Every structure is written in structure tokens, then in C-alpha cells.
Amino acid sequence: MKALTYFLSISHLLPALATAQAERNVDFFHDVVPILKQHCYECHGGSKSKGGFSINTLDKILEDDSAVPGDADQSYFIELLEDPDPDYRMPYDGNPPVPPEEIEILKRWVNQGMPWDPSFSFAEPRYEPPLHPRHPELPRALGTRDHPIDRIVDAYLANKEIPLPEPLNDEAFLRRVSLDITGLLPSPQETRQFLADRSPHKRDRLIDNLLSRNVEYTEHWLTFWNDLLRNDYAGTGFITGGRKQISGWLYDSLKHNAPFDRMVRELIAPPSKESSGFIDGIEWRGTVSVAQSLPVQFSQNVSQSFLGINMKCASCHDSFVDRWTLAEAYGLAAIYSEDPLELYRCDKPTGDQAVAAWPFPEIGQIDPEAPKEQRLQQLAELFVHPDNGRVTRTIVNRLWAQLMGRGIVHPLDAMETEPWNANLLDWLAVDFQKNGYNIKRTLKLIASSQAYQSQSSASSQSDSNAKYTYHGPLPKRLTAEQFVDAVWKFTDSAPIGFDAPVYRSDRADDQDSRFSVTSSWIWLSDPPEPNQEIWARREFNISKPVAFAGIVTAAGDAFAVYLNGQLIQQGSGANDLQAGSLGPKLLAGKNEIRIRAANFGRNRSEAALFCALWLDYEDGKSQLILSDENWQVAPHPPQLEGHANRSPKALPWRNAQPVAHEKWEKIANRRVNSLLAIQYAGSDRPPRASLLKTDSLMRSLGRPNRDQIVTSRPNELTTLEAVDLSTSQQLIDYLQRGADKVIQNPDTQNTAQIIDEIYLGLLTRYPTRQERRLLKDALGRRPTPAAVTDLLWAITATPEFFIIR
Amino acid sequence: MSFSIDPHAPEPIVRRDFLKKLALASSAAWMAGAPQIVRGSGFKHPAAKADACILLWMAGGMAAPETFDPKRYAPYSQGMPVDTVLSTFPSIDTAVDNIKISSGLKRIASIMDRGTLIRSAVQPDLGSILHSRHQYHWHTGYVPPQTVACPHLGSWIARVLGPRNDIMPPFINIGQRLEGIGEQEELKAFTTAGFFGSEYGPMNLPFPEQAAQSVRPPEGMTGARFANRNRLFRQLVDKNPNREYASDYQQESLLRSMDNAYRLLSSKEREAFDIEREPQEVRDAYDTGRFGRGCLLARRLVENGARFVEVTTEYVPFLHWDTHAAGHSTTDRMHKEIDRPIAQLILDLEERGLLDRTLVIVASEFSRDAIMEGKPGSNANDQAAHKGDFITEEKHYGLHRHFTGGSSVALFGGGVKKGYLYGKTADERPLVAIENPVSVTDLHATIMTAMGISPKTEFSVEGRPFYVTEDGKGTPVTDIFA
């Protein structure tokens, strides 16, 4: 952009450069559209076509031979722009003529063949969503199908002469609704019970039951909300303190099914720091484009998340693709901005000051003179104003898409797109508002409809550009979190700890003070050797039943923790405290914790290791094992370089050297006890993927880096993911554990029972006779762990496992 | 060939026809044919010669005056004024008369006649120097933060050109760990296909010597068991009572991906990932460490049809090229790490007749200087570990500040001129580019042009046109093309 300005300003002085400019290619969006928009649009764009001439599309321009692509000299419209007689020159009516340098650009554009982006048109969008809520009449019910959603959808299908989709069988319904509400597969036991239940109300009861499992519900929907609100436990911005989590607030809001209007209020006008991370965006170190300053991020984020409108284009220039303007984007930004805010167009100041405002003044407006806090409150109230139909439509559309596979409006963040059924959207939105913005209620409403309880219709990609017609729910791919949770649950292989700073149960309320660990750091030597890796270990005995075993570790610049030879924790430094709960992993009798730690960072003259193991016994007694001089340490032998997980058998163990340092003390004293309390609260159930920082598997399965708001997940499986799934040692380790579990289960004593258990646990159904025969042959009379592992792998790779039908 | 199997994926605007053609062409024909030009709107494009690209990434800020652009040599002496230091290595002759580079890069010197050296690459001053921000900019063409997740250079190439051999992942990233190191989140932010979706994302191989494991059945699984497992999978799919949903594109894409994976894992190409298959003397010729082994792996992958391969010296804060202290001795070590493998890679590609169609790029996020942080007039914080006017200890001898005013990029093969020098930096401080400055945007345009991709290639994301070079403004440095 700078280069362009430079050229334009000096080109008339330097003929040589002018030639260079002539050779430059014209960019349709950035060069041509603004000129047409400024000088021609008023009379010849949108619904106007004065003199029968429209610039809406290239075809329109080329009608009547107004232009000859490739030949500016023969193009009539250029001639009109350059006519010396003001009475003939365009634009008419005393409007200023098009500046010569802009005519030059248009000439070059014509000479270059008039490239026109086929997706672009000046024509007005056909559809403008209503601002106010609409109260559509419900059509008459078709027979007994009197659920409000079905009355609308059935009428739609009848009108389009589309047959009703087939009803969903119990197995598929159980799997779909469990994954949609709790994110988890039903256990074999739950599946057996549900299939055996003959009650006509069992589906409604199941929906209620699933919605009442507050923790499971929360930990599934956390993924949706984290994506929508750009919240995560690690990511860009945290490194410089430029970003804050809202995890605790969000978790509690979901757990208590907080009304959505309250959530919106607390996000936009945060009553405390707990929910301020959303509007405070990501503050980057160094110089940042104005379009990514915190006020403009605010404008973009509140618009996208709650209004489903895209202010990203408009925060740089009046949008080419929808109706939002630079002034509107900055109006929202000015609500957030502490200081007067100048409008920047494409990173250049315009000299205009932004006035705090939101784009729908029909409902009310922000007082630009009010202080920031009040402006935010005013905006929050406008978002949840009873006359505001846009915010409620946006959220119910998102909920519908989560359950039904596609929004009533699609894409979800382009709410100015026409819905395939406006009555359905409006009815859901009004119902949501009328009933206290109750998210679970709307989820239940959708899940209890026959529309939801129908077979999904096969989708084909080829019609993605055509106008969409609803035929039934669309299949969805398991999210990264659902896939990982499913494998962890079936194989009992969830990790010991989690990263989200949330209290999963109420049992740790007021328990923080119970943990009283103080700083205690050790290393091989003090000061340490630079670029050195060390081992540390501690043996201990468990002689009576343990109720809770919490562990917090941090060390060096990277570390890995092993319990009885099994990797349980990994971290990236002495301030990367890793917490977990060991639970059943402890053995009766002798146990060993072994830690490998490296010192290679910037301050190689400092290194230390911290580990606290807190044991609550069932008899009420507690014990603390803390890294101190009773630990043994040894240098890592250099010949094992690169073999990260291989622990040498014999090492020159010696007693650890205590390391005293103010920095280390602060790290440990500040956070260890609250981490223990969090793990304690979470220790009665295994961690869920949504509570963990992302990893390479989840990333490759489509969990986004939450630097931006990303509201939809991928629907396909890529080759690289398939390669990962085919080669992953970790996945095989999980599945082997699952195989052992099935084989050792006293309830699955023969091959047929093993096959049933696996099908019920992973596919939520019994195998067919054909499948049973195939697998009996494959597994043999006495299935080996390897054979069962391979079967588990093969099933988790099938479309039936991956796709929620 | 599977393009845009996600209906939510951005649609290409200008090149839809090309993709259609490409999808129809069999991969064999595609491989045999000359690289094709993808035109943006009316762009005049020099004939593209490259159909593969290897980026040798000098992560952490490789000092140009210590490598490809040596200045006046100031040997260490105790108490020397720090502002007398421009280069801490003497310069040596290369195979090209008018090009001298730093001692320590003897073998690279001998192959400088195979490529073009740009000495005038410049980067914006982002106020505060954060390596990962500049790396993000270099790798995506866009200065972070951005309102959408920007695709990596390799993802653009993978997205537009597709795989060169459809068994081979088109974008392979060697040598960079993304877990357990500093700034890992910042690295992940650009080591991604962004809005293109993970189909076009990198296959990450942080340890070249373990690359073979990424395309091999899990440890302890015999070939027979692996094949059996796959047979069982196919049988389950065939016997599946829900098979009637086969028209479902999701199901089809899933099966195709599993199929592709199995084909790769049981293919001959899989051996390309195993550097142990090279004769000992070849391995020795490359093996200066992980980077050297990565170069050997890159050569094997490109020989077997990889499209874009990045090999990095690895970015870990304060390690490798990220010299904030002990610059001279660290650079000496880095010379040893890169000199042999880079030269060997170029010679091997040449010997195999692949150099002309493979663009090899040696680049870094910025240069370094002994006293200047950022560029003249910058407010960036001075990040040298030791701040003093005199060098009192040998460990303070070196270029410890980040410098964005002039750095070097070496290009080999892929249709660039041989033995050509482009651009110039000042001989006295500030060592800024004084001739033909090349921005990141224009460098991208140059790379894309060499690969047959118009710098104006655009995709529509969230209704917004998004270009392969920033806002479609990149202008290739056509001077460097043969």
C-alpha cells in the first residue's frame, strides 16, 4: 500500500516511474472498486441504473458496448469520463470529475482485460434480515407431530414436496444425542439399558438426564464456547501477558446454565476480571496494524460472536462484500476505546474521529459522552434488548448448527444471509428470549423434535454452492475433543491432570487453604552446569488406601515425570507447573517418581526442580512428599542423547542439592496450593480433552489455534490425520490398554462378548450377524491383546466411528 | 487429488478452472509435464521452471555480515570498542568473482556459481522485535496479528499446486519442535495451513533421524500384521450396515484419506523418509547435526516427489542463530552446521538433474548487528545480553542485536540466475540495503513466481479476497530469473 501511494504521488514528476506504474497490474478490489463506488455507484449501482447503465456486474457494464475489454481507447465510458465539456462529462450534476490518476487506473484496468472477481457485484444484497424479533404463526401439525419445530419443518418439507426423513433408530439416537449434549459416547452398560428400555418416554428422559449431567455437559460445550469466545489455556499473547483467560467464569456459567443474556452482559461489560478476557482481546507486543488494535478487535469480536456479522473488512475500509462501513466498525471500537479514536482507512489516518455508536440505532444508541464503563453497559443492554432479534437469532442458529450439522443461516458468521426457513429461525429466537435465554431449554427443544430424531441425509460437496434445501440433519464429524475423549474413555487412558483453571466439582470449595505446600527446589548442583540434563528420583511406600494423590511438578527448561516407569507429566520449564491427580496409578507398596529435566535456556546459570506429592489417605491422614535433599539426582549420560524416554538403568545417584532462590520461591508459593485444590476438585473423574491445552493430535484433528474466533470445525478427515492415526504410537498404546481392559473384564469371557462390548462401547450398537461372523474368524477363540488392539484401531478408523449420523 | 472437500473451505476465485484441469490430470502426467503457470488477474508471468521448493530456514536471525555479506573484519582484541565490530570473520573468495562470503562457509563459497545472492532483503520494524512475529511475517507474508489465520508459504504452494506426487504429502516441515520449547504457541501460529484447513498443513518431522517412524507402522507391528489390520478395516467398512451412506462425501473423503495414508505407508516413497538408507559416506557428508540430516532428508523427499520442504536450524529462544551473547563462537558453530549440508544438497540436486526444477532458498527472519537494534531510528528495545561500549571478554564478541535494515537471501536452482548478485548493503554502519531493497512481500512474489504461482493468486475467505502476497501487492524481482 505504501509503495502504491509513493508511486501515485511522484509519478507525474518522473516519466520513467510513470512507465513502471503503467506496467503495474491493476487490482480489482483495491484499485477499481473504490473508484467505481465513489464516482459511479450512486446513479449506476445497486438498484439504480440511470440511462439504463448499471455497473453491478461486468456483464452489465459490457451491455450496449459501453466498454471494450483490452482497449481503453475504444471504451465509451472512459470517453465520457474524459469529456472536456462538463455537460457531457460523467459524473453529471455538478459532481466533481474523476481525477486523472483514477481515470488512468480505469484505463489500465480496461487494457488489462477488465478482470472482475466473479463473486463480486454492486447489486444490493437480496436479503436484509429484520432487526426486530418476528413472531411467526406455527403451521398446523402433521398428525401427531405437534412439536413446534416439526410443525414448521414439516410444513417446509411438504411445501417443497420433500419426503419426511426416516426416523432415527434408538442406537443412532443415543449416540448422537450423547455426543451432542455431553460430548461422550455412552458406555456399553448405558447402551444396553437404553436399548432394553420399553418406555415410550425414554428419549425425553434421556435428554433430560444428559442435560442434568452438569459437568459432562459443561466440558463438552466448553469447546464450542472457547472457539466462539477465543478462549484457551495457552496460545499467542500469553507469553507477554497480553491476554487473559475467562475459563473459570465460562466453566461456572455453563455448569449453572447461566442465562445467555447474563453471559452477554458479563462478557461485554465485565463486572469483574473473570470475564474481561473476551473484550480485552490479545494485546501484541510491538507495533500492530490499527485494524488489530484492541478497540478494533473489540468491534470485530463482539460483532462476530454475538451478531454473526463480519466487521473485519469494514475495520480497514467500507466493506466490499457487505454493507458495513468503516465508520460503523470504528463506532463500535470507540465504545471500547479509552481515548479518542481516529479512523484509519487501510492503515492511513483519515482525520475523522470515531463516534461511539452501534449500527442499529433503531433500538437505541450509545451515549458517546458517557464514560467507557457506561458505554459498555449500554452496548450490552442493546445486545440483549427485547427488540433486538439479531443476537437471539445468531445464538439459536449456532445451537441449531451444533446439533443439526448446518445452520438455518449458513455460514454461521454471515447472518445477513437468507435463512432456509426464516420462520424456524425466528420462532426459535423468540422462544429462546421468552424463556429466559435458557440455553439448555433450547437444546432440549431441538433434541426432542422429530426433525432431530431423523436419519441424517447424505450430503454431497458438489451442491455446496447451490441454494441449500433442508432434507434433514446433516452428519457431523467427531471434533478433535470428542475423538480424544472417546478413545480415553473406552481405554481408561486419560492423562492424570488438566490445564483449565476450573473447579470441576464443588468438593474443593474453601479447600485451597487445606493445602500448605511451601517452596522447595533442588538440582544436581548449585550453581548448575549449563546445557545439562539430569535425573531426579524419589521412592516412597503406600501402605494404606489413598483417597487423593495430587502432584505438582516443574523443572529446568523442559522436564518429563515418570511414575513407576510410566510417563505422567511433561512441561517446558521451571515456571510451567504441571499438576495432576495420580489416583489409581499408585501401587500398593513401593512406588517411584523419576524426573528428567534439562537446563538449556537463556539463564543457564540458574536451574531448579520442584515436585510436591500430596497424599490424602482414606483414614483422614495426609502426607507430603516434597523435592528436598532426600531425593536422589544424577547427570543424564550423554550417550543417551536423543532417546528422550529411555531412562538408564544404573546412574551415579547422589543426594540432591537444595537450591534457594527468590524467583523459584515465588513460583512455587504462589500457585502450587491452588493447583492442588483444582486437581482435588477434578479428581473424581478423568480429565476431558476440552480441559487440556491443544496438542499435535488435536490440532491435526481440527482444534483451532484460538488466536481468532473460529466458529466451525472441519467436517472431513485429511490424509495427514489418517497418517497420524495409522502410525501413532500413542494411539496404539491407548488401544492396547483398552484391549487389555476388555480381555481382563470378567463380563467378557468369550469372543462374542468381547465383540459386543467393543461395538457397544465404540459404535453404540450390537454388531450385525455378518460382522460378528467376520470378527469371530478374525479374533479366533482366544483373542490375543494384539488382535483386539487391531480391531479397536480398525473400528476407530471407520466412518461409522468418526461420523455422527 | 482432492481439492476443497470441505464445503466451508474458502473457494478459489481466479483459478477455479485451473484446479478443475489439475484434478482431471493424472498425477503421472502432471509430474512428467513442465510446471504450469497459474495466472492471477492478467498477470504477466515469466515461464516458471520450479515445481519443488526447499526452504532452508536459518531460524533466530542469521547475521548477514557473518555469513553472506561480510564487512570489514575486526579480529577480537580485549577492550576493543564495540562499534568497531562489523564482522567477526574474515571474508573468503567464492566461485563468483564479485561475491565474497564469510570464512567458515568454504563449501557454500564453492557453489555460489549455482545461484543468486540477494543482499538487500529488508523487514519492517515492528517496534518490538519478537522472533516469532517476524517469522510469522516471513512465512505467511502477513504481519501478525491478522483477523484470519494465515496459511504458511508451504500451504499456499500445497493448496495451489497440489502434491507433485500424489502419494507424497505436499508440505513437509523438518527440524522444528512445536512442543516443549519457548514461544511454541507463536511458532504454531504460522506453522499451519490457517484457513485452508489441515489438508494443506505441514507434516511435521522435528527429528529427521526419526522421520521414518512417521510413515511406518507403529513400533513392534510387523508388515504382515499391519497389512492384516488394514484388511480388517476394509472388511469392516464393506460389511458395515451403514454402507448405504457411501454417497456421503464425508464418508468418501474419510475413506480416501485412510486409503492415501495406507498407500503412503506401504509405498516405495515411504523409504524416502528413511535417511538410514543412504550409504554411510553420504550420511557423513551431510551429518553435521539435525540440520544437516534434515537437508539429506529434504533431498530424498524432493527426489520422491515432495512439493515444498522446509528444513530449519530450529528456533529455540537464545539458541542456534538467536545469538544474544557469545555471537562469534556460536556463529562459528552454526557455520559448521550449515556449510557442508547446504553445499552438498545443491550438488546432489544438480547431479540428479533436479536443481533446475527445485528452488532452494536460504533465508532468515532478519540480520544482526553489533550495536544497532532494529533499523536506524527504531525504538525497539536493545536485547543484547551485555551492554557496554567496549568488549572486555571474548564472550561479548559478536553480533548480538537484531537488525532489520538489510539481510541476505541465497537462492539456488529453480530458474534463478547462476552466479548472480542482487542488491547491496552499505559498507559502513548502518549496514542498510542501499541498492534494490527487497521487501518480504516482494520476496514472496519472487518465490511464488518461480513456482508458477501468480503473486495475485487469491482465495475468498469470509467473503474477503485473500492474496498469496500481502493484498496482492507483491512484485517479483524478475531480474534474478535466468
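Read-outs throughout are calculated quantities, based only on the coordinates presented, and are distinct from any laboratory measurement. Everything numeric in this text was worked out from a predicted model, so none of it was measured. Glycine also receives a Cβ, built like all others from the backbone with ideal geometry; neighbour counts cover every protein chain displayed.
Each residue in B:SER329, A:SER289 was given a count of other beta-carbon atoms within 10 angstrom of its own, and listing them fewest first yields B:SER329, A:SER289.
Counting Cβ atoms of other protein chains within 10 Å of each residue's Cβ and taking the mean over peptide B:468-477 gives 3.
Cβ crowding within 10 Å ranks B:MET112, A:MET415 as A:MET415, B:MET112, fewest other Cβ atoms first. Simple point charges give the picture: +1 on the Cβ of Lys and Arg, -1 on the Cβ of Asp and Glu, and for the protein assembly as shown a dipole about the Cα centre of about 3940 debye.
Counting neighbouring Cβ atoms within 10 Å and putting the fewest first, the residues B:ASP97, A:ASP616 line up as B:ASP97, A:ASP616. Just tell me the longest site-free run in chain A, where the sites are GluC sites (Glu not before Pro) in a DSSP loop having at most 10 other beta-carbon atoms within 10 Å. Excluding the exposed sites themselves, the longest stretch runs over A:370-617.
Over all directions, average the projected area of the Cα convex hull of segment A:719-804 and note it in nm². Directional mean of the projected Cα hull area for segment A:719-804 stands at 5.6 nm². Short-range pairs are left out: with C-alpha atoms under 8 Å and at least six residues apart, the relative contact order of chain B is 30 percent. Only lysine pairs 8 or more places apart, or on different chains, with alpha-carbon atoms under 25 angstrom apart are counted in segment A:506-684, and they number 7.
Placing unit charges on the Cβ atoms only, positive for Lys and Arg and negative for Asp and Glu, gives segment A:719-804 a dipole magnitude near 400 debye about its Cα centre. Applied to segment A:270-282, the Karplus parametrisation 6.51 cos²θ - 1.76 cosθ + 1.60 on θ = phi - 60° returns per-residue 3J(HN,Hα) values of x, x, 8, 5, 4, 10, 7, x, 6, 6, 7, x, 10 Hz, with x for Gly and Pro. Take every Cα pair under 8 Å whose residues are at least 6 apart in sequence, average their separation, divide by the length of chain A, and the relative contact order is 12 percent. The alpha carbons of segment A:506-684 occupy a box of 46, 34, 24 Å along the principal axes, longest dimension given first.
Calculated mean residue ellipticity, 222 nm, the protein assembly as shown: -10500 deg cm²/dmol, from DSSP H runs (n ≥ 4) at -39500 (n - 2.57) each, averaged per residue and rounded to 500. Average projection, convex hull of the Cα set of segment A:236-383: 9.2 square nanometres. For the peptide B:187-197, the mean number of other protein chain Cβ atoms found within 10 angstrom of a residue's Cβ is 3. A straight Cα-to-Cα reach below 21 Å connects A:LYS476 with the lysines A:LYS440, A:LYS444, A:LYS467, A:LYS489, residues fewer than 8 places away in its own chain not being considered.
With only Cα atoms counted, the protein assembly as shown has Rg and Dmax values of 31.7, 103 Å.
Close amide H contacts of A:VAL659 (hydrogens built in the peptide plane, cut-off under 5 Å, sequence separation of 5 or more or a different chain): A:TRP521, A:ILE522, A:TRP523.
Between the Cα long axis of helix A:214-229 and the first principal axis of chain A there is an angle of about 40°, rounded to the nearest 10.
Pairs of Lys residues in segment A:236-383 that lie 8 or more places apart, or on two chains, and have C-alpha atoms under 23 angstrom apart add up to 8. Within 13 Å, Cβ to Cβ, of A:ALA327, how many net charges do the neighbouring residues add up to if Lys/Arg are +1 and Asp/Glu are -1? Within the 13 Å Cβ shell, the charges total -2. Other residues with beta-carbon under 15 Å from the beta-carbon of A:LEU691 carry, at +1 per Lys or Arg and -1 per Asp or Glu, a net charge of -2. Within the same chain, lysines fewer than 8 places from B:LYS106 are excluded, and of the rest, those with a Cα less than 24 Å from its Cα are B:LYS71, B:LYS336, B:LYS417, B:LYS418, B:LYS424.
For segment A:55-128, the set of trypsin sites (Lys or Arg not before Pro) satisfying both a DSSP loop assignment and a count of at most 13 other C-beta atoms within 10 Å is given as A:ARG126. Projecting the Cα atoms of A:PRO528, A:ASN673, A:LEU615 onto the dipole axis of segment A:506-684, where Lys and Arg carry +1 and Asp and Glu carry -1 at the beta carbon, places A:PRO528 farthest toward the positive end. In a simple Cβ point-charge model (Lys, Arg +1; Asp, Glu -1; nothing else charged), segment B:108-254 has a dipole of about 440 debye relative to its Cα centre. Computed 3J(HN,Hα) for segment A:359-370, one whole-Hz value per residue from the Karplus formula 6.51 cos²θ - 1.76 cosθ + 1.60 where θ = phi - 60°, is x, 10, x, 4, 8, x, 9, 6, 8, x, 7, 5, glycine and proline marked x. For segment A:59-146, the set of chymotrypsin sites (Phe, Trp or Tyr not before Pro) satisfying both a DSSP loop assignment and a count of at most 11 other C-beta atoms within 10 Å is given as A:TYR88, A:TYR127. Inter-chain Cβ neighbour count for A:292-299, averaged per residue, equals 1 (cutoff 10 Å, partner chain atoms only).
Could you work out how far the C-alpha centroid of segment B:51-122 sits from that of segment A:196-214, in angstrom? Each part reduced to its Cα centre gives a spacing of 71 Å.
If you take the alpha carbon atoms of chain B and fit the smallest convex hull around them, that volume is 149 Å³ per residue. The three principal axes of the C-alpha atoms in segment A:114-232 carry coordinate ranges of 66, 47, 31 Å, sorted with the longest axis first. For B:VAL416, the residues whose amide H sits under 5 Å from its own are B:ALA482, ignoring neighbours fewer than 5 places away on the same chain, with H placed 1.01 Å from N. Listed by chain and number, the lysines whose C-alpha is less than 21 Å from the C-alpha of A:LYS50, apart from same-chain residues fewer than 8 away, are A:LYS37, A:LYS60.
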